[in-house]
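This report refers to the structure that appears directly beneath it.
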Amino acid sequence: MVSHDLRVFRLEQMTLFDLPPADVVSVAADLGLSWVGLWVTPGLPGTVSVDQGNVAGVVSRLDETGVAVDTVELLDLRPDPREFERALDLAARIGARTAVAIHADGTSTDEAAQRLGALCELAASYGIGVAIEPIAMGTTRTIAEGVALVEASGAMNAGLVVDLLHLVRTGQRPRDLEAVDPRHLFSFQVCDGPAEPGSFEEQLDEAMSNRLVPGAGDFQVVEFLSRRPEQCLVGLEVPQRSRFDAGLGHLERTRTVLDSALGLLAQAATDRLA
């Protein structure tokens, strides 16, 4: 049962923001995980993305460990998707299945849908899908807005990645997922946090650097996991800069996240059967 549950999870590079991508793969392998999500564009300050200089080493580490890349981050909806040719080429070289994108520049839904369609067409030429992530500080913020954008794009390889943090911070609840066609749900991302969001600056710090281990806060993590369609992986996206600053090692920090998520996933499975 535990080995089956482990296959549900994806280790996100944001959780190990200070490690280069090949070492993120190693930590995933040490924890018995099969999937990772890596960055192929410049990410958070201090984060080392996959690039031309290290991609061969990343591929070698993936081959050695048997870990695979599910998602890559982070694209946005630009007028010319060809700006991401290099990123998508890197994504294809490491075997990624999906590229995560955000809509955060204030363009209209119609314009964003056209851009998403063009990005999806380019990504499809690399055998990659595109998952829009609704984010609290973006233009496409809610699940419903994300679905509308995906449907308006007309792209068959477009869907959503739903981050529990952004779902909560936009005033939504896991039950809002009931209205979404499961085929639009590519993957979930899980973490925890306090019920009250704090200031905008505090929300930015939370999202990028200081999330709570699943089960340590007020989010409805179990209900969220119980809404997961069978095909959805669950990304462990729990950057903990405060624990990093306190000297906790990479494996220790990540094992705590995984162990907590496993327990909550088992509870979600029990609730689903009840």
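The single condition among (1) buried (at least 16 other Cβ atoms within 10 Å of the Cβ); (2) modelled with pLDDT of 95 or more that D89 does not meet is (1). Of the residues V48, V59, V36, the single one that is farther than 29 Å from S108 by Cα, surrounded by 22 or more Cβ atoms within 10 Å (Cβ to Cβ) and of a type outside the set (S, T, Y) is V36. The number of residues in the stretch 249-271 being among the charged types (D, E, K, R) and under 20 Å from R227 (Cβ atoms) comes to 1. A single entry from A101, A136, A131 fulfils the requirement of being under 25 Å from T15 (Cα atoms), at pLDDT below 95 and of a type in the set (A, V, I, L, M, F, W, C): A136.
Residues in the stretch 145-164 that are of a type in the set (G, A, S) and outside any helix (DSSP H, G or I) were compared, and the one that is surrounded by the most Cβ atoms within 10 Å (Cβ to Cβ) is A158. I need the full set of residues from the stretch 6-24 which are touching a Gly at 6+ places or on another chain (Cβ under 8 Å), of a type in the set (A, V, I, L, M) and crowded, with 19+ Cβ neighbours inside 10 Å, in order please. Within the stretch 6-24, L11, M14, A22 qualify. Taking the criterion of being closer than 20 Å to L44 by Cα, outside any loop (DSSP other than H, G, I, E, B) and either modelled with pLDDT under 95 or not polar (S, T, N, Q) (or both), the residues of the stretch 230-274 that qualify are G235, L236, Q240, R241, S242, R243, F244, D245, H250, R253.
The values are calculated or read from the model by the stated rules, or taken from the named source; none is laboratory data. Treat the numbers as computed from the prediction; the structure is a model and nothing was measured. Positions of Cβ are generated from backbone atoms using ideal geometry, with glycine treated the same way; all protein chains shown enter the neighbour counts.
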